[in-house]
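Nothing in this text is a laboratory measurement; each read-out follows from the coordinates by a stated rule. Computed from a predicted model, the values in this text were never measured in an experiment. Here the Cβ is made from the backbone with ideal geometry for all residues, glycine too, and neighbour counts use every protein chain on show.
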Amino acid sequence: MAPPLRTRITRLLGIEHPILGGGLMWLSDARYVAALVNAGCMGFITPRSFHSDEAFGNELRLCSDLTGGRPFGVNLTLSSRPEANAAVQRWLDMALAHGVRIFETAGHAPVELIDTLHKASAIVVHKSSSIRHALSAERAGADAVALVGMEEGGHPGTNELPTMLMGALAVDRFRVPVVLGGGIGRGRQLAAVLAQGLDGVLIGSRFLVCEEIGAHRRYKEHLLNCDEHSTVRLLQSLGNTWRVLRNDTARQIDEIERAGAADHAVFGELISGQTARDHCYANGDWQRGMLSLGPSIAFAKRIEPLKSIVADLLEEARASIACLSSLEQE
């Protein structure tokens with residue numbers, strides 16, 4: 001049996017492999033998160049994906065059943081709009097009552113949230129698209145940080161720095177464990193991250209074609225034909241950068257933005273998350289909706305169980321690490 005890749009993040013979270021799964025909006029449910037946990041990684045259920053507290057509670061119970069009681073995480077993302085955060089405290093309380101003690105936080109001013117979680121003896125991994133904000137989260141008490149570069153699918157913020165550059169800058173600046181996300185989908189990239197002295201990776205887009213992701217098979221089959229040029233960053237002019245699949249909706253958004261749109265309301269239902277959920281994820285129409293996606297989708301070659309993807313990542317990572325070791329012997 002190959003030796004485990006132990007880092008500070010595996011020890012902090014009690015996991016076997018230094019791999020965290022992205023909290024995919026609409027898709028980060030019990031089945032996906034349990035697959036991550038059962039593969040020796042860590043995943044986070046995203047409560048914003050569910051239409052009610054009851055549905056979120058059902059996912060918490062199902063995840064516990066599917067993991068046999070092994071720990072899993074919950075994502076709590078704070079919006080810059082206070083009214084959008086009304087349910088966060090309820091979700092937090094529900095997760096804690098269920099026994100969850102690992103949380104991924106993200107978004108605006110997490111100081112109070114981190115403090116609340118620590119009072120409940122929870123572990124906090126804060127996700128940020130800038131070193132400056134990640135350092136603020138560390139000062140606020142975050143137990144680890146996830147830094148995401150401009151390659152991240154979804155919302156990489158206004159960051160213009162690529163993932164590996166951010167990692168190289170971060171090595172000497174943090175006391176807490178650091179994982180990198182954005183454009184990562186191969187084991188050799190995991191090896192490169194570890195070789196820099198960082199603690200692991202955060203992967204989202206590469207896992208979209210796993211069997212446990214609850215998206216329509218037609219969409220997954222389209223993703224298998226995507227390459228590194230199949231995504232585009234939009235809404236930068238509005239300060240809400242969003243990296244998505246190049247499709248009909250993305251082209252419409254681009255045209256409206258280029259015409260000088262100054263308000264999100266101009267885009268209407270085109271940027272509604274429900275459009276992606278109902279037309280693509282539920283029915284397979286990948287031309288409809290803003291579909292968060294990063295260029296690491298180019299690494300996806302087949303639909304398969306998540307544990308198989310993880311196994312391939314680890315095998316390649318170990319082979320790359322062995323190559324590094326052999327350089328010292330020559």
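Would you please put 140-146, 190-196 in order of how densely packed they are, using the mean number of other Cβ atoms within 10 angstrom per residue and starting with the highest?
Values: 140-146: 23.0, 190-196: 19.6.
Ranking, from highest mean packing down: 140-146, 190-196.
Tell me, M42, M290, M150 in order of fewest to most beta-carbon neighbours within 10 Å? Don't skip to the answer; put the middle values down first.
Details: M42 30, M290 24, M150 21.
The order, fewest Cβ neighbours first, is M150, M290, M42.
Please arrange L208, L161, L180 by how many other C-beta atoms lie within 10 Å of their C-beta, fewest to most. If you can, show how the numbers build up before the last one.
Values: L208 25, L161 18, L180 28.
Sorted ascending by nearby Cβ count, the order is L161, L208, L180.
Which ordering of S79, S205 is given by a fewest-first count of other beta-carbon atoms within 10 Å? Display every interim value, and only then the final one.
On the way: S79 14, S205 31.
In order of increasing Cβ crowding within 10 Å: S79, S205.
Which distance in Å, rounded to a whole number, links the C-alpha centroids of region 175-231 and region 276-294?
Distance between centres, Cα-based: 19 Å.
Show log10 I(q)/I(0) for the chain at q = 0.06, 0.08, 0.13 Å⁻¹, two decimals, from a solvent-free Debye sum over equal Cα scatterers.
Each listed q corresponds, in turn, to -0.19, -0.34, -0.96.
Which order, highest average first, do 164-173, 124-133, 252-261 follow once you tally other Cβ atoms within 10 Å for each residue and take the mean per peptide? Kindly include the intermediate steps, with their values, before the conclusion.
Numbers: 164-173: 14.9, 124-133: 21.7, 252-261: 13.3.
Peptide ranking by packing, descending: 124-133, 164-173, 252-261.
Expressed in nm to one decimal, what extension gain is obtained for the pair R188 and N225 from 0.36 nm per residue of sequence separation less their Cα-Cα distance?
Details: separation 37, 0.36 × 37 = 13.32 nm, distance 2.19 nm.
Residue separation times 0.36 nm, minus the Cα-Cα distance, leaves 11.1 nm.
With an 8 Å Cα cut-off and a minimum separation of 6 or more residues, compute the relative contact order for region 231-292 in percent. Present the calculation step by step, with values, prior to reporting the outcome.
On the way: 80 pairs, mean separation 20.6, N = 62.
About 33 percent, as a whole number.
If you stretched the chain out fully between S79 and S326, how much longer would it get, using 0.36 nm times the residue separation minus the C-alpha to C-alpha distance?
Working: separation 247, 0.36 × 247 = 88.92 nm, distance 4.75 nm.
Full extension of this stretch gives 84.2 nm more.
Are there DSSP H segments in the chain that both extend 27 Å or more along their axis (alpha-carbon positions) and score a mean Kyte-Doolittle hydropathy of at least 0.5? List them, or say none.
Numbers: long enough: 306-329 (35 Å, 0.53).
Qualifying helices: 306-329.
For region 94-167, calculate the relative contact order in percent as a whole number, restricting contacts to Cα pairs under 8 Å that are 6 or more residues apart. Can you show the working numbers first?
Values: 110 pairs, mean separation 17.9, N = 74.
Relative contact order here is 24 percent.
Please report the Cα spread of region 231-292 along all three principal axes, rounded to whole Å, starting with the longest.
32, 22, 16
Please report the spacing between the Cα centers of region 250-273 and region 94-161 in Å, no decimals.
29
Using r as the Cβ-Cβ distance of Q196 and E54, and R0 as 25 Å, what FRET efficiency do you calculate, to the nearest 0.05? Kindly include the intermediate steps, with their values, before the conclusion.
Details: r = 44 Å, r/R0 = 1.75.
It comes to 0.05.
Need the full-extension length gain, R251 to E160, defined as separation in residues times 0.36 nm minus the C-alpha distance. One decimal, nm. Intermediate results must be reported in sequence, preceding the final value.
Values: separation 91, 0.36 × 91 = 32.76 nm, distance 2.17 nm.
Result for the pair: 30.6 nm of gain on full extension.
Which loop GluC sites (Glu not before Pro) in region 148-196, with loop taken from DSSP, have no more than 14 other Cβ atoms within 10 angstrom of their Cβ? Please list the in-between numbers first.
Details: sites: E151, E152, E160; in loops: E151, E152, E160.
Within region 148-196, the qualifying GluC sites (Glu not before Pro) (loop, at most 14 other Cβ atoms within 10 Å) are E160.
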